[in-house]
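Notes to accompany the following structure.
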Amino acid sequence: MQNIGIIGLGSMGYGIARNLINAGHRVWGHDINQAAIDRLVVEGAETGIFREHAVNFDALVVV
C-alpha cells in the first residue's frame, strides 16, 4: 500500500484516484472544488489538510 496524493479531481483525476483506492492504496485528493473532494471521500479517500500529509506521500499525481 502506498500513500498517494492527487491534485485535480475532475474526470481524469477522480478516475485515477478511485482506481488507486480500489487497488488498496491510501489516497488524498485536492481540488479547488470542495464537492469534488467530498465525492472522493465517499469512495474511501483520506481527509485532512493536504499539505500536512504531502510529506508522507510516496507519489503525487497532478492532473
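Read the figures in this text as sums done on the coordinates, not as results from a lab. Worth saying up front: this structure is predicted, and the values here are computed from it rather than measured. We place every Cβ from the backbone using ideal geometry, glycine too, and count neighbours over all the protein chains shown.
From the backbone phi of the range 52-63, what are the Karplus-calculated ³J(HN,Hα) couplings (6.51 cos²θ - 1.76 cosθ + 1.60, θ = phi - 60°) in whole Hz, Gly and Pro given as x?
Result, ordered by residue: 6, 8, 4, 5, 9, 6, 7, 8, 10, 10, 10, 10 Hz.
So how do Val27, Val63, Val55 line up by other beta-carbon neighbours within 10 Å, fewest first?
Final ranking by Cβ density, sparse to dense: Val55, Val63, Val27.
Could you give each residue of the range 17-34 its phi-based ³J(HN,Hα) in whole Hz, using Karplus coefficients 6.51, -1.76, 1.60 with θ = phi - 60°, and x for Gly or Pro?
4, 4, 5, 5, 4, 5, 7, x, 8, 8, 10, 10, x, 9, 7, 6, 9, 4
Highest mean first, how do 33-39, 11-17 rank when packing is the count of other Cβ atoms within 10 Å averaged over residues?
Going from most to least packed, we get 11-17, 33-39.
Which far-off residues, 5 or more places away or on another chain, put their amide H under 5 Å from the one on Ile4, with H placed in the peptide plane?
Those qualifying (amide H under 5 Å, at least 5 residues apart or on another chain) are Arg26, Val27, Trp28, Asp58.
In debye, nearest 20, what is the charge dipole magnitude of the range 3-62 about its Cα centre with +1 on Lys and Arg Cβ and -1 on Asp and Glu Cβ, if you could check?
That gives the range 3-62 a dipole magnitude of about 80 debye.
When the convex hull of the C-alpha atoms of the range 3-62 is computed, what volume per residue in Å³ does it have?
Numbers: hull volume 4.1 nm³, N = 60.
It comes to 68 Å³ per residue, whole-number rounded.
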